[in-house]
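Worksheet for the structure shown next.
The values are calculated or read from the model by the stated rules, or taken from the named source; none is laboratory data. The model shown is predicted, which means the values in this text are computed figures rather than measured ones. Here the Cβ is made from the backbone with ideal geometry for all residues, glycine too, and neighbour counts use every protein chain on show.
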Amino acid sequence: MTAAPPVEPAATAPADAPVETPRLRTTFRRRLFWIVVPIVAVLVAIATILLTASGTPDVDRYSIGNAGPSGSRAVAEVLRSQGLDVVAAGSLDEARAAAGDDSTVLFTDPYGFLDAEGLDAVAGLGTDLVLVEPGTDELAALAPGIANAGAAEQADAVEAGSGCAIPAAQRAGTISQPSWTYRVLDGQGAGDAASACFLSYDDAYALVQEPRVNRGDDSTVTVLGAGDALTNERVAEAGNAALVLGLLGEHPTLVWYVPGPDDLAGTDAPATIGELTPGWVTPVILLLVLVTVAAGVWRGRRFGAVVVENLPVTVRASETMEGRARLYAKQGAHARALDALRIGTIARLTALLALPRHATVVEVSRAVATVTGRNVDEVHDTLVGALPRNEGELLALSDRLLLLEQDVHRATDLR
């Protein structure tokens, strides 16, 4: 008995490569992207919110911070260049703090924030008071000798008039078309001592000035119906600049008072969003942001290179055909199923008849009719014309395609 050959010892395995435990630095490098991206996204969102909030443009009419056509920034800047202290006031408290004994107060309340009590408070502000396009309530409280006369008549410009006694109006000469006009009420308040300029029609003037009631000094209240003369768009027209600079530049301080939401009276003021929001909302939002960032870092994955793998199985053409057939049957797509059969039949007929690949269905139909002796219309109807309405008609048409192809085979074989 032959002894079995000795088993050679297995080749000595190479020494194992040293296994190094992943260090914190390596792990950090791998996940740096998923750490940086959420942080950058949060910082961009915060910066966007801050820039949007701080970059909201001032678009209020007559606002000295509005550089647009409806604002009055140009007038304020010119007055400041002449040495005046122009102070913007958005509330009655700010106006009281800014208006001293030697100051002019420009007042306009286009949104009606002040009530009767607030208007009475305005009556005691400053030395001279300039009302821009005031309404009936404002006139009754601040200029009782002047009444509203309605809209001005259409005119390119209006002249101060020979009877005008207001120095600023005399220097202006003419101004652009005013929006509103006012008339002097005889025998009421200080109406007997009032001066009117820029006649629009009858006794309706664009500028009326009278002494302030219950004031012993030379203080006046001026009603200006040409509010457009204050705007950046119209201040340079005609004598608008001379008029407004003269009216507003009499004293070293000008308080530009346009009431705002802070002047709404009592508890009738609508609550702000901040007041309506519960106190726990802000902490919860911050917590959600932190949780989102933490989840992104925790669950973040770095995708590696694309790996190409062969499919584990090969799908046979018959299985693909049966799968599509089941889908067509499930959806009732009889016409689509027949189209697939027709496309295959036409391609094979084109090759059998030695026709060019770009041959049309009509040319194929004629060639088939020639070699088989069938009617051209019948062949065309089989290849492209008839439409199946149910499975029975689909089967019948598929049989006709099969018979047609068999006839062509026999005819070409005989040739």
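The number of residues in region 45-76 being part of a helix (DSSP H, G or I) and modelled with pLDDT under 85 comes to 10.
Please state which one of L401, L327 is touching a helix residue (DSSP H, G or I) at 6+ places or on another chain (Cβ under 8 Å) and assigned to a helix (DSSP H, G or I). Before the answer, list the steps.
Details: L327 fails: touching a helix residue (DSSP H, G or I) at 6+ places or on another chain (Cβ under 8 Å).
L401 is the lone residue from the list that is touching a helix residue (DSSP H, G or I) at 6+ places or on another chain (Cβ under 8 Å) and assigned to a helix (DSSP H, G or I).
Condition check ((1) within 18 Å of H409 (Cβ to Cβ); (2) surrounded by 13 or more Cβ atoms within 10 Å (Cβ to Cβ)) across all residues:
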site: H334; (1), (2): no, yes
site: L338; (1), (2): no, yes
site: G344; (1), (2): yes, no
site: L349; (1), (2): yes, yes
site: V364; (1), (2): yes, yes
site: V376; (1), (2): no, yes
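Please go through region 372-389 and give me each residue that is part of a loop (DSSP other than H, G, I, E, B) and of a type outside the set (S, T, N, Q), ordered by number.
Applying the first criterion (part of a loop (DSSP other than H, G, I, E, B)) to region 372-389 yields 373-375, 386-389.
Listed by number, the residues that qualify are G373, R374, A386, L387, P388, R389.
Going through (1) touching a residue at least 24 places away in the same chain (Cβ under 8 Å); (2) surrounded by fewer than 20 Cβ atoms within 10 Å (Cβ to Cβ) one by one, F107 falls short only on (2).
Any residue in region 250-261 that is assigned to a loop (DSSP other than H, G, I, E, B), among the aromatic types (F, W, Y) and modelled with pLDDT of 75 or more?
Just the residues of region 250-261 that are assigned to a loop (DSSP other than H, G, I, E, B), to begin with: 250-252, 258-260.
Going one step further and asking which of them are among the aromatic types (F, W, Y), we end up with none.
So far as region 250-261 goes, no, none of its residues is assigned to a loop (DSSP other than H, G, I, E, B), among the aromatic types (F, W, Y) and modelled with pLDDT of 75 or more.
With respect to (1) in contact with a helix residue (DSSP H, G or I) (Cβ under 9 Å, 6 or more places away or on another chain); (2) surrounded by fewer than 22 Cβ atoms within 10 Å (Cβ to Cβ); (3) of a type in the set (A, V, I, L, M, F, W, C), the lone exception for A193 is condition (1). You will find that of G161, G135, the residue that is out of contact with any Phe, Trp or Tyr (no Cβ under 8 Å at 6 or more places or on another chain) and either modelled with pLDDT of 90 or more or not hydroxyl-bearing (S, T, Y) (or both) is G135 and no other. For region 162-173, filtering for residues that are closer than 22 Å to V213 by Cβ, part of a loop (DSSP other than H, G, I, E, B) and touching a Gly at 6+ places or on another chain (Cβ under 9 Å) leaves 1. Here R96 does not fit the description of being within 23 Å of L245 (Cα to Cα), touching a residue at least 60 places away in the same chain (Cβ under 8 Å) and of a type in the set (K, R).
Every residue, every condition in (1) aromatic (F, W, Y); (2) farther than 20 Å from D109 by Cβ; (3) surrounded by fewer than 21 Cβ atoms within 10 Å (Cβ to Cβ); (4) at pLDDT below 90, yes or no:
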residue	(1), (2), (3), (4)
L131	no, no, no, no
I146	no, no, no, no
E153	no, yes, yes, yes
T174	no, yes, yes, no
